Structure formats: structure tokens, C-alpha cells
Amino acid sequence: MANDITALLKRIKACIAAIEGGDCGEALLDEVRADFLELMELLKLFLISERDSYYGYFLINMQFKVNFFANIIAGIKLNSFPPVFESNPLLLCGFTLKEIIFTVCHEIDHVLFNHPAEMVKANPDGDPRTFYEFNLAADAAVNDRINHEIAAENHNFMTAPEGLITSQALSQMFQLKAVRPMESYAYYFALIHKKRPDGSAGQSAENAAPAAVEGQIVTAKSCGGHVLDHDWNVGQDAEDAEAAARELVNAAASMMSAESRGLMPAHFTSQIELLNRPPVLAWQAILKKYVGTITANKRRTRMRLNRRQPERFDLSGTMSDKLLKLVVAVDTSGSMDDEMIAEVFNEIFAILAKRRHEITVIECDAEVQRVYRARTPADIKRKVAGRGGTWFSPVIEYVNSDRYFRDALLIYFTDGYGETEIPRPRTYRNIWVVFGGSENLSLREPYGAVLNLRPAE
């Protein structure tokens, strides 16, 4: 089988050389397409029967698509059933066979770790710079793990392509100190995000690949080597993307024998369990509901296109005129780690993406430690202040003392162990999100909804 794969790849490379030399006839492109699809089928069997079964079973549950007009090496499209592994073989097959296998496994790991859905949460406004930063962070998280697999589990059937983004590469690119390897995307994303000179969004990445010209075949030569490693087409709904990822992961796992599942790395099995865990951030739905109860007038603006007639640049669009105020109180006594806090704020910004909003963050243990305003995820301070005992009343007294918060929503994240009595909050609505279980909240009368952040173990 390995000889067949090698022969196919050699034939594809010869065709790529001819295409880059100017022969772009349909017959030659059809030959590349047919050879590439056969190559992927053989790789699927190779990964299952001879080397690494868990990756092969993911490929069994996907279709393959060739796109000669994309400046994307590869990507798994989750917005179709079954999911589609799309690639431009004129780019992907420029690599060695071991590098191609690495790239395929790399894309599978992105889905396994739910990165397409997390990208939607982290970048609800579609900011190109945030998209670039997220991709770097997600690539570093995935590539570190695959490199570890190669070294620790003797997976010598794949090799990392030159110029790979790893935690070490990020450290050099952004002059970061003491970057830990083998961390989640959220850890690297937070580090990169802090390096923006003004903390603002909207700056396109200098190293991002230019958009492909419609109808023009893309090769490494024609685009000067400026390509993106992958592209995810997941739409704007993070929940749909996560559901699609879960379905693909479960389909692959269900086809494996007990022996094959036993060969999976521990981080694979724990991630499958995480994807299948019942939804625990139920506060999302309540927050969405409360946000919807605050009416917002519309005002005309030249800063947006008219939604009904976007081609008419002379017509004004509309945007919400009411500022939605949200107070996010964080219990810093030790119940929430920095990664959990980052996850929570990604959820909040995704929910508020279509409304004018201003978030006031209050960090409190036995007393208010820090108060600041946040309009974008870049404004969130990843290291919370204070790690003492838990008291709720300092936050309530703070918001009650300022009329600005009378029409605000208050959402309080805590482990629940504090006072039994507090003053009635004068905010519009209140939500208590309790780490470990709503039954842990010590208050007799919380004056609002009490929900779980994560279920008790």
C-alpha cells in the first residue's frame, strides 16, 4: 500500500510541475483530481490498517473535495453532512508524504478540540486580526500535541512541515517569555491578544495570505507561497459547529474496536468525554433571554450598509441605539482559574455581539479588588486580582451606590460559599452562576436566577 501511495504522489507532483509550467488543461486537472482522491482513500486505509487507527476512522466519516481555486492547503467543512475534507492538491501535494499525513492529522485534531466552534465564540465580529491570532493559537496547541505524539509514541509515519507554528514559534514571533508547551488554544490566544499595541481590533495580519482570484488556479508558484494552512466554514453559530464536531467525533469513535480506542492518546479520550458532557453553561440561555428583554431603538448610520439593499452605498443602515450595560462580578477566591474566566468572557461577548454594550468587570474576594470597563475581549484582564475569602455584599453595595447600574444586568460567577444575607441588588436583573452546583450558594435570598457553571463531580 505504501508503494501505491508513493507512486500516486510522485505522479501528482509531476502534474503540478506541468501546471506550474503553464499547462492548465482540463485533462491534466482531472488527472490530478482523480489521483488525489485515490491518494486520500489509500491514506485512510493506511492509517487504519497499519499505523494509527483513530485518525483513519475520522477520515472514513468524511467526504473529500478538490478545490484548485483556493489558496488554502486543507480544511474540514462542518456545515455539511457528512463533513467535507476540502483541499487544493496543487498546494498540499507539494509536501512530502509524511508531511501530508501530518497536515491531515492536524486538521482532524482541530475538530476534535472544537476549535471551529471556539473560533466563532472568540471572534463574533469577524475581525481579521483576531481570526489570525486565533489560528496561530489553535495551530500551536495542535502542533505541540502532534509533535509530542511523534516523539513519545514513535509515530514516525508523519513529519512536521517546515515553518510549523508551535508554542516555541509563537514565543519568538511575539517576544513572549516563559511560554508553556502543550497548552490549550485559550492560553496561547490570551498571550498573543495582549501583545496588540493599543488593544484594539481591526488590524489585518501582515502575514495573512491574500485572497485567491476568482477563476484562477492557485499553485504555490502562482501565489508566491503565501497560503493559509486551513479554512473552516462553520457559519455564525458556535452551537451548530460544536454539534457537528461532536457528531463526527462520535461517529469515528463508534467504529473503533475496544483495542483501537485503547490506543488513543489520553488527551483524545478526555476530549471526547468533554464534547459529550451535557451542556453546563446554562447561564448562556438565561443571559440571552434577559438581553432580549431590553428594548433597543434603531438609529440610521452611514457606517453600515442597508441590509435590504447592500449594493446601494447611498442608503443608510441601522444600528442599536441603546447601550446594554452588563456587570460581570468574578469571585476571585480561587473557584475559577484563568482559563475558565477566558472561556466565560468569550461566551459573553458572543452573546452581546449584535448589541451596543459596555461590560463592567468587578473582581472581588472579601472586598472589591478591581473594577474596569470592557468593550472587547482584548480589554479583559486574564490575571484576576485577589485570592482571599468570599463575600458578596461588597459587589452589591458597589453597584447599588451608582445610579449608572440601575438598568444593568448583573451576572455573578462564584463558588457559592459566602454570606447568607445580602442587600437587594438595584440592578435590572441578576444571575448567579455557581461553580460546582447551584446548591452550593450560601444565600437564603439571592434575588435572581441561580445556575450551575459546571456540575458537581
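On average, how much accessible surface per residue is there in the stretch 97-158, in Å², for a 1.4 Å probe, leaving out ligands, DNA and RNA?
Solvent-accessible surface per residue comes out at 25 Å².
Roughly how many debye, to the nearest 20, is the charge dipole of the stretch 1-96 about its Cα centre, given +1 on each Lys and Arg Cβ, -1 on each Asp and Glu Cβ, and no other charges?
Here the stretch 1-96 has a charge dipole of around 260 debye.
If packing is taken as the average number of other Cβ atoms within 10 Å across a peptide's residues, how do 444-453, 429-438, 142-151 rank, most packed first?
In descending order of packing, they fall as 429-438, 142-151, 444-453.
Among HIS115, ILE48, ASN135, pick out the residue whose Cα is farthest towards the positive end of the charge dipole of the stretch 18-141, where Lys and Arg carry +1 and Asp and Glu carry -1 on C-beta, about the Cα centre.
Final value for the positive-end residue is HIS115.
Greater than 26 Å separation of Cα atoms is the criterion. Which listed pairs, LYS65/LYS194; LYS195/LYS288; LYS65/LYS98; LYS194/LYS322; LYS98/LYS221; LYS77/LYS98, meet it?
LYS65/LYS194; LYS195/LYS288; LYS194/LYS322
Please give the FRET efficiency for ASN61 paired with THR293, using the beta carbon to beta carbon distance and R0 = 45 Å, rounded to the nearest 0.05.
0.60
What is the stretch 9-89 by shape, rounded, prolate or oblate, if you read a ≥ b ≥ c off the alpha carbon gyration tensor as root eigenvalues and call it rounded for a/c under 1.5, prolate for a/b larger than b/c, and oblate otherwise?
Because a/c hits 1.5 or more and a/b fails to exceed b/c, the stretch 9-89 counts as oblate.
Carbon-plus-sulfur fraction of the accessible area of the stretch 45-165, 1.4 Å probe, in percent?
Carbon with sulfur: 52 percent of the solvent-accessible area.
Identify, among LEU78, ILE60, ILE12, the residue whose Cα sits farthest towards the positive end of the charge dipole of the stretch 1-78, taking +1 on the Cβ of Lys and Arg and -1 on the Cβ of Asp and Glu, with the dipole about the Cα centre.
The Cα lying farthest towards the positive end belongs to LEU78.
How much length is gained on full extension from CYS24 to THR420, taking 0.36 nm per residue of separation minus their Cα-Cα distance?
Between CYS24 and THR420, full extension yields an extra 135.0 nm.
Does the stretch 54-148 classify as rounded, prolate or oblate by the C-alpha gyration tensor (a ≥ b ≥ c root eigenvalues; a/c under 1.5 gives rounded; else a/b over b/c gives prolate, otherwise oblate)?
rounded
Could you give the radius of gyration (one decimal) and Dmax (whole number) of the Cα atoms in the stretch 1-47, in Å?
Values for the stretch 1-47 (Cα only, Rg and Dmax): 11.3, 35 Å.
In debye, nearest 20, what is the charge dipole magnitude of the stretch 335-455 about its Cα centre with +1 on Lys and Arg Cβ and -1 on Asp and Glu Cβ, if you could check?
So the magnitude is around 620 debye.
The values are calculated or read from the model by the stated rules, or taken from the named source; none is laboratory data. Treat the numbers as computed from the prediction; the structure is a model and nothing was measured. Note: ideal-geometry Cβ built from the backbone for every residue, glycine included; neighbour counts use all protein chains shown. We work out accessible area using only protein heavy atoms, side chains counted, and drop any ligands, DNA or RNA first. Shrake-Rupley method; radii C 1.70, N 1.55, O 1.52, S 1.80 Å.
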